[in-house]
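What follows is a short report on a single structure.
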Amino acid sequence: MQSLHAISPMRDRFALGISSFLSLLVVILFSGLARADAASPTVTPAVGLPGVGAPSGTTFDLSTVGYQAAEFFIEGNASSYQPVAGSPFLADGAWTIESDATQQAYKTRIQVYRPANPRRFNGTVVVEWLNVTNQSDSMPDWLYAHNELIRRGAAYVGVTAQRVGVTAAVTREPARYGPAAANLVHPGDSFSYDIFSQAGEAVRDNPTLLLGGKIARAVIAAGESQSASRMVTYVNAVHPVVDVFDGFLVHSRGTNGSALRQSPLVAIATPGPTRIRTDLGVPVFVFQAETDSRLTRQPDTATFRQWEVAGTAHADIYVLGIGQPDDGRNATAAQQLFDAMRVPVAEPLPGVLPACTLGVNSGPHHWVLQAAVRHLENWVRRGILPPSGGAGIDDPIVLDANGNVTGGVRTPHVDVPIAAIRGTGNSAPGPFNFCGLFGTTTPLSQEQLDALYPNHFAFVVDWARALFESIKRGHILFEDAGFLLAPVVFSDVP
């Protein structure tokens, strides 16, 4: 007769198998619903790569990691949308829309990063709605997760979906994008949703041009911050009528979705707090930093996951300088992140933004997002449900004895701390207070460190134990263990 200890793991594996089967079944059933393909735009290769007008992202030469970069122009006619008569937008996200009578010509750009050897391409394409908070294009999801995408052999497409991105590109590099050159044209953000759909459709319809002749097996849409709000509206309104994307990463979303339509057309706002609709046929992974809204929490389902990650900020020192040159081939970035917990950086972008009052967040955002991206890919392609993020960060916020929040996705950074790492509490002089999004890092005092860790060996053991607990829970990838351990082993803490 089997012992209870032997039966329990069997029961867990059986339950996991059933859950994965049900997840896959939901995806199959909903994928059969009537949805139209997006219009297929005309795709034209650009000559060379952009210069000063390039989106803000990584700065190392992609060829050093076996990748290549290319820019393409896409153009066509895009539609705007309106709610179907008698179907108001409610906070549950179950919105019903249709194309209105308005259609406008557009021409924009996409950045394509893929393995130089097509045989290395694993079939997954991540299509990011480029962020325009800084009044020009940036690629935060590529920046946070590029090491994971590269080692998996995934392709990346960054889409200039909004008018601000087009305007900035033309202004900064008119000889490449202006009327005498590519002549980029954007009719306004009411048309941005259809433009984004057409960019995804271009990936499917032009494998020879964009993917080295390989077919995309999974096309995943992603957006962070401002673009995450666009993703919320896209998921709830556009995805049910346009068959383009196989899954979504909604990264650091706000309380509401973005407007479906805006001036100069009649504006159509969305209600809040806006939830993700529950009848989707594809996975949606919501990744929230400690800074981000918790007013939109909803239960996990076969097509929904939300992680709230303790010790993270909306933006942190990785995306503010460390990540740009990080090619993932050594532990330099990991060492810099660890060092920034001990000696926080208050001015991460000298000459670009004013110095913050306090050192900015140096937490585990980069590491946990890479795990989320891996789980989303496996969910989309294999029906394997991601692990739960638990109950989320305690709300209202509760701080532990070391000044870190309780609850949420846990990592060694908050469970074996050398600093209090928060998502809020920073500021800067002047009108442009982006520092409020950058969080804080406050090193623990020597007395606190001595009380926590009697010697260096004890610190290393505690950190390693917490790290492998995070890996076991699926919140950090095993491939990143060495990067996270090396700075700890060679430190002098305490």
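In this structure, is GLN103 farther than 21 Å from GLY200 by Cβ, touching a residue at least 12 places away in the same chain (Cβ under 8 Å) and not β-branched (Val, Ile, Thr)?
no
Can you say whether GLY188 is in the same structural domain as ASP137 (by TED's automatic domain parsing) and either aromatic (Phe, Trp, Tyr) or crowded, with 21+ Cβ neighbours inside 10 Å (or both), as far as the supplied structure shows?
no
What helices (runs of 4 or more DSSP H) lie completely within region 149-212 and have 3 or more residues being within 30 Å of ALA36 (Cβ to Cβ) and at pLDDT 95 or above?
Qualifying helices (runs of 4 or more DSSP H): 163-172, 192-205, 207-211.
Is at least one residue of region 437-448 in contact (Cβ under 8 Å) with a residue 12 or more places away in the chain and charged (D, E, K, R)?
Among the residues of region 437-448, not one is in contact (Cβ under 8 Å) with a residue 12 or more places away in the chain and charged (D, E, K, R), which makes the answer no.
Out of the residues in region 96-142 that are part of a helix (DSSP H, G or I) and closer than 30 Å to ALA269 by Cα, state the one that is nearest to the chain's Cα centre (by Cα).
Selected residue: ASP141.
Of everything in region 65-113, what is among the β-branched types (Val, Ile, Thr) and over 30 Å from ARG329 (Cα atoms)? Give them in sequence order.
Answer for region 65-113, where residues must be among the β-branched types (Val, Ile, Thr) and over 30 Å from ARG329 (Cα atoms): ILE74, VAL84, THR96, ILE97, THR102, THR108.
Scan region 113-152 for residues that are surrounded by fewer than 17 Cβ atoms within 10 Å (Cβ to Cβ) and among the β-branched types (Val, Ile, Thr) and report the count.
Matching residues across region 113-152 total 1.
Being among the charged types (D, E, K, R) and not in a loop (DSSP other than H, G, I, E, B) is the filter here; which residues of region 291-322 pass it?
Passing the criteria: ARG305, GLU308.
When residues of region 407-428 are filtered for being closer than 17 Å to VAL368 by Cα and part of a loop (DSSP other than H, G, I, E, B), how many remain?
6
Go through region 329-359 and report how many residues are over 20 Å from SER138 (Cα atoms) and in a loop (DSSP other than H, G, I, E, B).
Of the residues in that region, 12 qualify.
Looking only at region 389-412, count every residue that is surrounded by fewer than 17 Cβ atoms within 10 Å (Cβ to Cβ) and of a type in the set (S, T, N, Q) and tell me the total.
The qualifying residues number 1.
When both residues are 6+ apart or on different chains and their Cβ atoms are under 9 Å apart, which pairs have a first residue that lies in region 187-209 and is of a type in the set (Gly, Ala, Ser), and a second that is assigned to a helix (DSSP H, G or I)?
Qualifying pairs under 9 Å: GLY188/ARG163; SER192/ARG163; SER192/ARG230; SER197/TYR234; SER197/VAL238; ALA202/LEU209; ALA202/LEU210.
The values are calculated or read from the model by the stated rules, or taken from the named source; none is laboratory data. All figures in this text were calculated on a predicted structure; none of them were measured in a lab. Virtual Cβ from ideal backbone geometry, glycine too; neighbours counted across all protein chains shown.
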